[in-house]
Amino acid sequence: MAASNTAAPVLVLHDVSKSFGPVVALRSGSISVEEGSIHALVGENGAGKSTLVKVVAGVHRRDAGTFELDGRPVDFGSTAESKAAGVAVIYQEPTLFPDLSVTENIFMGRQPLARGRRIDRPAMHAEAERLFSRLGVKIDPRRPAEGLSIADQQIIEIAKAISLDARLLVMDEPTAALSGVEVDRLFAVARSLRDEGRALVFISHRFDEVFDLCDTVTVMRDGSYVDTRRVADTTPSDLVSLMVGRDVDELFPKVAAEIGEPVLEVRGLNRAGVFHDVDLVVRAGEIVGLAGLVGAGRSEVARAVFGVDAYDSGTVTMSGRKVRPRDPRAAIRAGMAFIPEDRRKQGLVIDASVTRNVAAVIRRSIARAGLITGAMENRAAGPWAGRLEVKTSALDMNAATMSGGNQQKVVIAKWLATNPRLLIIDEPTRGIDVGTKSEVHRLLSELAGQGLAILMISSELPEVLGMADRVLVLCEGRVTTELDRAEATPEAVMHAATHHLEDAR
Amino acid sequence: MSTPTATPTRTYAAYSAPLWRRLLVSRETAVIVLTAAVILYSLANVPNFDGPLTLKFLLQDIAPILLIALPMTLIIITGEIDLSVASIMGLSSVLLGVLHDAGMSIPTAALLALLAGLACGALNGFLIAYVGLPSLAVTIGTLALFRGIAVGLLGTTAITDFPDSWSDLATGTIGESRIPLVMIPFAVLAVGFVVLLHFSTFGRGIYEIGLNDEAARFTGVDVARTKMVLFLLSGVVSALAGIYFTLRYGSARGDNATGYELQVIAAVLLGGVSIFGGRGRLHGVLAGVVLIGVISSALRLESVTVNVTNIIVGLLLVASVILPSVLGWAGSQLPRKASADPSGPRPDKDTATAGV
Amino acid sequence: MSRTDIEREPETEVSTGEALLVEPSRLSPTRRAVTTVLRSRELSIFLVLVAVVVLATTKNNGFLFSSDGWRNFLLNPSILLLLAVGQAVVIITRNVDLSVGSTMALTAYLTGRLFVDQPNLPIIVVILACLALGAVLGLVNGVLVAYGNVPALVITLGTLYVYRGIMLTWAGSDRINAGDMPRDFLSLGTQTVLGVPVLTIVALVVLALVGYYLHTARGGRELYAIGSDPDAAVLYGLPVRRRLLAAFVLSGALAGLAGVLYTARYGTVSSSVGSGIELQAVAAAVIGGIAIFGGSGTVWGAAIGAFLLVTINRALPSLGIEDFWQRAVVGVLILGAIVLDRVLARRQARKLAESRDHA
């Protein structure tokens, strides 16, 4: 490993593994973070970064490997223990208490006390304001956490972690939802923490941030450690080839498809506080990418189009026919299929069998007079599971026991079984292994080649750029630009995803 | 990966375990075996348990609970709960009495009482399914409301002048057998509910809502309508149980069947339905109701007071939910020992392995 | 500095109510406090209570302004108040305790039994014994819920039966009558200090202590956090199990205390003591603005809810409604309260979403 100086490592993980049932989430994780440094951890979705973070945080207990903090072996059984040992973690998904005030969220469990062990609210609010001014944000410390934007929620998480005064600060994609100005402020804080001698671990998908902020970078792939390098001695393309392990062009096998008539047309879609005046068209055989920051309203637009959520005004038409709002069944009848972002909560019924999941949408058509038996479902579901090569020993196996990639195949099988004309797919490869990932990409490309219209939402820029024929960029709920394949460069997309914010402030 | 129009490259076994094992190693089987064991023990050791009247009274006693347990099972599988069922029973009982007193024939009065039950269910269903209020709070409210209307209508008086022909019908048996007549409508309803829950697309939706209502919505299940239908069914069946209760005892009172809601829920949970929703089967629930009925009947014949029955039912209920957790924990501590015994009610595989 | 930043002049006119929600710091501390109180759920339910009392008193002067009326007004709700406070704390953690009625029955009988067997026992010993018994019964619930990972609804439904069964078995055909108990003890039920019954004072002191704890102690705030998002509470590293145990022990102990108060107030203990009161306690909490899924509401609200439930019961005859209709009125009240809460929550969510657009 490349040592930057003589500083002692604060955190050392070596050969750490973690499995959940048959699913190996982390095969062999290693990292060594020195004090007074910012260490980047990069890797594709499903490379095991978040699992590694959760082992450090005490959310999960490792199955094997060494884990040392300040040179002493540790074994955290809960987040309380890791906190007490001086580890602060910002998780990917904010974990706030919506009913409580912003300040209470920051100081829960360690509020400043006045005489008689009662909470010193004035001191607490003053401290919260001090934190917010250090981060350069305007959030009222007394307002409830409920209803905060994703970016503000992320800011609260950061404030929470900073206030812990930790030796080691781990940030799992803290910038995913932040605008340029907010990212700059966060980086300033991160650098000042580093200069105080703390150790920071920074996970990000954005290379410009890694090269801007970090001193060292560790690459992970498929649950394993790949390499650690000094940021000064490496380049983005080096990192990409380390992350992917093969050539990038091979990764996105884009098949040229004949683009046909418009299938989905959305006009002037509005929902107060979420998205505004969204227009979009997806044609047969076309893959349209919907890009933007987390919280920009991409998934919300997709949910509204599919009828899971309501919208205030606007129209959704499929092949010229208006689709009833707020009625997923009408959307399904119109030929829409929707593979949502959160597989475990929305994409499938995780505690139900493969059969039940694959047959979930088509069961109304395979039933006779509304009656259905398990055998009928098995007959209908088996071939579809087979076509997608779902790895399972039997059709009655629980979806919860499968790997993320296999679960995604079950979801895709469920929707392809309905023979759709439009496929909306939100984060198609989140949390799935590299092998399955390219399978999914190839499948999407082939489906488009057969004339399916595809609307794809993705936070991974290479995925959007590699797959989409056209890219729409959302920012704060508005479409800020539309780029065709030739125009779509990382810079153009990132600019459109953030410029709206800058203009507004 | 092949294209979706190509032939499948893989085929699968439908089930991971043979039929006998799937049948044997289930929560429902455990309840049925326990029920059979208690019946056999009682036949051998409890005087008069095999007497001619025991079976008749036992079935008559548990008939209202059997009836209401049918819709209650479906409701709890969706993850909701209906605490107002006993109050609907009371209300339909009072309406039957009051309307009959006002000169209506029993069938007309019963029909109106059933409609009232439907209306009660509609109120619950509307507030829960369409307004989106928590069912626990709503049905605590309607528990008080429906009971309040029942008591308000009749006060502390009772109406007892029901025609003998109808009372005989409620207490009669099928031919010369010991099976009460009420078991006929119950059997019809039971078959209907089994088909609805286990062999219909509607029933598949019920399970999906209970396991994950968001995913259900994403696959086009009409969550609100499903819940509405279930609360309507619960209202009607509860009203039916109330009518039976009234005719059987020949007395319409505002406080009839007070506290039955907890008995029904206890039986449903004992029968293997998860309070979180998504798990449970009707045969297990019916066995649970019979188990409670047999225990109280046997203890009564042994002149043990009703208190002990309460304790046993309560302990069974706690044990039935705690046991999977305890076994799961023990299983994680001693993997080999715990899996060596396949006969007992096993810890829920799903909850034990769901993680990540 | 942030102060000037945050308290800068509003760009758009915003109502005080909205400011309270989105940017409370923009209001002066006094104005904030006043607006908070004026807009609180507790105040609205309190006004309903006042309206009921005023109406009943105008119809029948003696409802409040007679020694009996005044005493009953304060005395009758005190038992339900104790149970509602305990219930509120449990519900705030996103749980429920249905066993309180049976716990209360057990301790009511224990009170009687102790006095029958040991007539010279000091009253305080009996009270402590009942508190301890209630706490132990609550601890059983808490252990099963916190360590068994099973829902409180099922567990406490089970212990509702078990505790009631134990009480009935223990009591057998015994009945405790007023004659069995020392006069000192029974006079506790009627004694007043400055016109306020002693039992009411006990209940109010408990209320004040619990309310103060929930508002100002770390542990109290953690109860809210656990109910607001149990998963986040675990991730945050809060001592979730310990707090849950404490909540159930408190609920049990208060039910135990309610048992003593019951015996002191009514003098007799029959087998049906406290049956069905668990649902009334839940109802009082819900009417008082405790969200059934935890995380919000105050015990003050629950206490006012308990007062309202009991007072309506007594007021109906004065208002010319047969008291048979009392339960129906209670039902309407509960439904009204949860519908109101839902409407308010929707409005709040909408306002917060719109405030994002203006940001």
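Among the residues of the stretch B:117-144, just one is in contact (Cβ under 8 Å) with a residue 60 or more places away in the chain and either in a loop (DSSP other than H, G, I, E, B) or within 8 Å of chain C (Cβ to nearest Cβ) (or both), namely B:L143. The one condition from (1) surrounded by fewer than 21 Cβ atoms within 10 Å (Cβ to Cβ); (2) more than 24 Å from the chain's Cα centre (by Cα) that B:V151 does not meet is (1). A:K83 meets each of the listed conditions (1) part of a helix (DSSP H, G or I); (2) at the interface with chain C (Cβ under 8 Å from one of its Cβ atoms); (3) loosely packed, with under 15 Cβ neighbours inside 10 Å apart from (3).
Selection of strands (runs of 3 or more DSSP E) fully inside the stretch A:393-485 by the criterion of at least 2 residues being within 18 Å of the chain's Cα centre (by Cα) returns A:422-426, A:453-457, A:470-475.
Here A:F67 clears all of (1) at pLDDT 90 or above; (2) under 25 Å from A:T429 (Cα atoms); (3) out of contact with any Gly (no Cβ under 9 Å at 6 or more places or on another chain) except the condition numbered (2).
So for the stretch C:164-187 (the condition being at positive phi and more than 14 Å from every other protein chain (Cβ to nearest Cβ)), does at least one residue qualify? The answer is no, given that none of the residues of the stretch C:164-187 is at positive phi and more than 14 Å from every other protein chain (Cβ to nearest Cβ).
Considering only the stretch B:146-155, I want to know if a residue exists there that is away from chain C (no Cβ under 11 Å), assigned to a helix (DSSP H, G or I) and not aromatic (F, W, Y). There is no residue in the stretch B:146-155 that is away from chain C (no Cβ under 11 Å), assigned to a helix (DSSP H, G or I) and not aromatic (F, W, Y).
For C:S67, the criteria (1) surrounded by fewer than 22 Cβ atoms within 10 Å (Cβ to Cβ); (2) in contact (Cβ under 8 Å) with a residue 40 or more places away in the chain hold in every case but one, which is (2). Anything in the stretch A:295-348 that is without any contact (Cβ under 8 Å) to a residue 60 or more places away in the chain, under 21 Å from A:A284 (Cα atoms), within 27 Å of the chain's Cα centre (by Cα) and away from every other protein chain (no Cβ under 12 Å)? List them, or say none. A:A304, A:V316 - these are the residues of the stretch A:295-348 that are without any contact (Cβ under 8 Å) to a residue 60 or more places away in the chain, under 21 Å from A:A284 (Cα atoms), within 27 Å of the chain's Cα centre (by Cα) and away from every other protein chain (no Cβ under 12 Å).
Please work out if A:A40 is part of a strand (DSSP E or B), within 14 Å of another protein chain (Cβ to nearest Cβ) and within 25 Å of A:D195 (Cα to Cα). In short, no. Do we have any residue at all in the stretch C:300-313 that's outside any helix (DSSP H, G or I), closer than 20 Å to C:L75 by Cα and at pLDDT below 90? Within the stretch C:300-313, not a single residue is outside any helix (DSSP H, G or I), closer than 20 Å to C:L75 by Cα and at pLDDT below 90. Number of residues in the stretch C:197-234 that are assigned to a helix (DSSP H, G or I), within 7 Å of chain A (Cβ to nearest Cβ) and out of contact with any Phe, Trp or Tyr (no Cβ under 7 Å at 6 or more places or on another chain): the value is 5.
Collect the residues in the stretch C:226-269 that are surrounded by 24 or more Cβ atoms within 10 Å (Cβ to Cβ) and free of Cβ contacts under 8 Å to residues at least 24 places away in the same chain, keeping them in residue-number order. Within the stretch C:226-269, C:A233, C:L238 qualify.
Every condition in (1) within 18 Å of C:Q87 (Cα to Cα); (2) at pLDDT below 90; (3) more than 7 Å from chain B (Cβ to nearest Cβ) is met by C:L137 except one, and the failing one is (2).
Scanning the stretch A:376-392 for residues being assigned to a loop (DSSP other than H, G, I, E, B), in contact with a Lys or Arg (Cβ under 7 Å, 6 or more places away or on another chain) and surrounded by fewer than 21 Cβ atoms within 10 Å (Cβ to Cβ) gives a total of 1.
When B:F126, B:F218 are checked against the criterion of being surrounded by fewer than 19 Cβ atoms within 10 Å (Cβ to Cβ), among the aromatic types (F, W, Y) and either at pLDDT 90 or above or farther than 30 Å from B:F276 by Cβ (or both), B:F126 stands alone in meeting it.
Within the stretch B:291-311, if we keep just the residues that are within 8 Å of chain C (Cβ to nearest Cβ) and assigned to a helix (DSSP H, G or I), the residue that is surrounded by the most Cβ atoms within 10 Å (Cβ to Cβ) turns out to be B:N310. For the stretch C:152-161: of the residues being within 8 Å of chain B (Cβ to nearest Cβ) and in contact (Cβ under 8 Å) with a residue 24 or more places away in the chain, which is nearest to B:V306 (Cα to Cα)? Once the filter is applied, the top-ranked residue is C:Y161. Within the stretch C:177-196, the presence of a residue that is in contact (Cβ under 8 Å) with a residue 12 or more places away in the chain, of a type in the set (D, E, K, R) and buried (at least 21 other Cβ atoms within 10 Å of the Cβ) is excluded. Taking the conditions (1) part of a helix (DSSP H, G or I); (2) closer than 20 Å to C:G256 by Cα in turn, C:F46 satisfies each one other than (2).
With respect to A:R364, is the statement that it is within 9 Å of another protein chain (Cβ to nearest Cβ), free of Cβ contacts under 8 Å to residues at least 12 places away in the same chain, among the basic types (K, R) and surrounded by fewer than 21 Cβ atoms within 10 Å (Cβ to Cβ) true? So A:R364 fits the description; yes. In the set A:A188, A:A159, A:A166, only one residue is of a type in the set (G, A, S), touching a strand residue (DSSP E or B) at 6+ places or on another chain (Cβ under 7 Å) and either surrounded by fewer than 22 Cβ atoms within 10 Å (Cβ to Cβ) or within 15 Å of A:E104 (Cα to Cα) (or both); that residue is A:A166. Within the stretch C:49-92, the residues that satisfy the criterion of being among the aliphatic types (A, V, I, L, M), part of a helix (DSSP H, G or I) and more than 17 Å from the chain's Cα centre (by Cα) are C:V50, C:A51, C:V52, C:V53, C:V54, C:L55, C:A56. Within the stretch B:250-272, no residue satisfies the criterion of being touching a strand residue (DSSP E or B) at 6+ places or on another chain (Cβ under 6 Å) and either in a helix (DSSP H, G or I) or not small (G, A, S) (or both). Within the stretch B:230-256, the set of residues being in contact with a Pro (Cβ under 7 Å, 6 or more places away or on another chain) and either among the β-branched types (V, I, T) or under 27 Å from C:F324 (Cβ atoms) (or both) comprises B:S234, B:V237, B:A241, B:Y244, B:F245. Checked against the criterion of being modelled with pLDDT of 95 or more, surrounded by fewer than 23 Cβ atoms within 10 Å (Cβ to Cβ) and aliphatic (A, V, I, L, M), the candidates A:V308, A:V266 yield just one match: A:V266. One residue stands out among those in the stretch A:262-291 that are among the charged types (D, E, K, R) and within 14 Å of another protein chain (Cβ to nearest Cβ): the one that is nearest to A:L472 (Cα to Cα), which is A:D277. Can you confirm whether the stretch C:156-166 contains a residue that is modelled with pLDDT of 85 or more and small (G, A, S)? Yes: the stretch C:156-166 contains one or more residues that are modelled with pLDDT of 85 or more and small (G, A, S).
The values are calculated or read from the model by the stated rules, or taken from the named source; none is laboratory data. Because the structure is predicted, anything quoted here is derived from the model rather than measured. Backbone-built Cβ (ideal geometry, glycine too); neighbour counts: all protein chains shown.
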